[in-house]
1. Among the residues of the stretch B:77-97 satisfying the criterion of being more than 8 Å from every other protein chain (Cβ to nearest Cβ) and closer than 19 Å to residue A:17 by Cβ, which is modelled with the lowest pLDDT?
2. Which pairs do you get when a residue that is among the aromatic types (Phe, Trp, Tyr), found in the stretch A:195-219, comes within reach of a residue that is crowded, with 22+ Cβ neighbours inside 10 Å, reach meaning Cβ atoms under 8 angstrom, with the pair 6+ apart or on two chains?
3. When you look at residue A:36, is it without any contact (Cβ under 8 Å) to a residue 40 or more places away in the chain and surrounded by fewer than 18 Cβ atoms within 10 Å (Cβ to Cβ), yes or no?
4. From the residues in the stretch A:197-230 that are exposed (fewer than 15 other Cβ atoms within 10 Å of the Cβ) and among the hydrophobic types (A, V, I, L, M, F, W, C), which one is modelled with the lowest pLDDT?
5. Here's a check for you: in the stretch A:84-101, which residue that is facing chain B (nearest Cβ under 7 Å) and not small (Gly, Ala, Ser) is surrounded by the most Cβ atoms within 10 Å (Cβ to Cβ)?
6. What about residue A:57, is it of a type in the set (S, T, N, Q), without any contact (Cβ under 8 Å) to a residue 60 or more places away in the chain and within 22 Å of residue B:16 (Cα to Cα)?
7. Do the conditions hold for residue B:45, that is, is it under 19 Å from residue A:195 (Cβ atoms), at the interface with another protein chain (Cβ under 7 Å from one of its Cβ atoms) and touching a Phe, Trp or Tyr at 6+ places or on another chain (Cβ under 8 Å)?
8. Is there a residue being within 24 Å of the chain's Cα centre (by Cα), modelled with pLDDT of 90 or more and closer than 25 Å to residue A:102 by Cα anywhere in the stretch B:1-11?
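The values are calculated or read from the model by the stated rules, or taken from the named source; none is laboratory data. Worth saying up front: this structure is predicted, and the values here are computed from it rather than measured. A quick note on method: Cβ atoms are made from the backbone with ideal geometry, for glycine too, and the neighbour counts reach across all protein chains shown.
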Amino acid sequence: MSIKKQAQFWRGFRAVMPLWLASAPFAVVYVIAAQRAGLSALEIQVMSLSVYSAAGQIALVQLLGVNAPIVTIYMTMILMHLHFLMYGLSLRKGLSFSRWERFTLPFFLTDVAYGVTISHGQKASVIFLIGAEMSIFFIWNISTGLANLLGDKFVNPLWDHLDFIAPLTFFALLVTLVKSRFDTLIALVAIGLTAFFVTTGFGSMSILLVCGLAVPIGIAGSRFFGDSRL
Amino acid sequence: MNTFWIIAGATLLIYLCRVSGFILPIAKQSRKWEQVLHLLPIIIFSVLFISPLVRQPDLILAKFLSLFVTAVIVWRTGQLGVAIFVGFVVFYVLSNV
C-alpha cells in the first residue's frame, strides 16, 4: 500500500477511536445476555466475528435464549438491518468502489463507519472507509473477548455512562452535515418522527419508517422552500 | 438446529442487507437520487442520536447540555474527537452532581 493510502487508512482508523470506549459496555451487555442464553465462549466470539452487529447480536442471543422459531429470528435480523441498504447507496454517491470492494467492504459496514466516512465528505475515500471499518471491527472483537474472559471483572460502574458516547457521536456527525436552515428543518422532522415511532414501540424499525417518511417530506419541502442545493 | 448454523444464517442475511446498497443498479445521474442521497445522512444521524435518548430519558438535562456543548465545539473548531470528548466529560460531571 502506498504511503498516501496508508495515511488515509489510519485517518479512518483514528476517526472512529472516540467510540472505542462505548464498545465496552455494549460488549458486556452482549456477552452477559449470550451467557444467559447458554452460548459457549466460542459461539459468543464467533458471533462477534461473523454477525458483527451489537444490536443484532444482543437481539439474536435473546431470541435464542427463549427458543424463538428460526423464522422469527431471521425476520428480526432482516428488519433490524434493512437500513444498511441506504448506507450503501449513500456511500456510492461520493466513493467509487471496485467490484471486489463492493462485495467485501459491506461485510464490515456499521452505522459508525458509515457516519464517520460520510461526515468527512470530500476528504473521505474507500481506504478511509476501510480504516474506519477495521477500527470498529478490531475494538468490538477485542471487547467481546475481554468481556468473555473477564466476565464480571470487566464490569465497571463507569460503564453506566459510556453508552452515551454513541448518541453523542452521531449528534456530532449530524452537526457537521447540517449546513442550512432547510437541513435543520429536516433534522427536526426526523427527530420528531423518531420520537413518535420509538415511543409507540416500533423499535429498530423506526429508522426505516422515519427515512420512508422524512425523505419524501424533504423532497417536497425543497420545492416549497426552494433549496437550490437540492 | 445447531447454534453455529443459526449464526451462519444470520450472518448471511445481515450481509445481504449490507451489500444490497452496493450492488443495486441506480441511475447515477438521476436528480431524484441526488436529492435522496443528500437527505439520507441527515435523517439517519438524527434517528441514531435521538433513539437512545427517547428510550432512556434519564439524566436528560445533563444529556442535552452535553449535546449543546458538543455542537458549539463542532461549529467553532470542526474537531469531532475533541467535541465528543468534552461533551462526554460535561455529561459525566453533570450526571454526578
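1. Taking the candidates together, the pick is B:79.
2. A:197/A:206; A:197/A:210
3. Yes: the conditions hold for residue A:36.
4. The extreme case among them is A:225.
5. Residue satisfying both the conditions and the ranking: A:87.
6. So residue A:57 passes the test.
7. yes
8. Yes: one or more hits.
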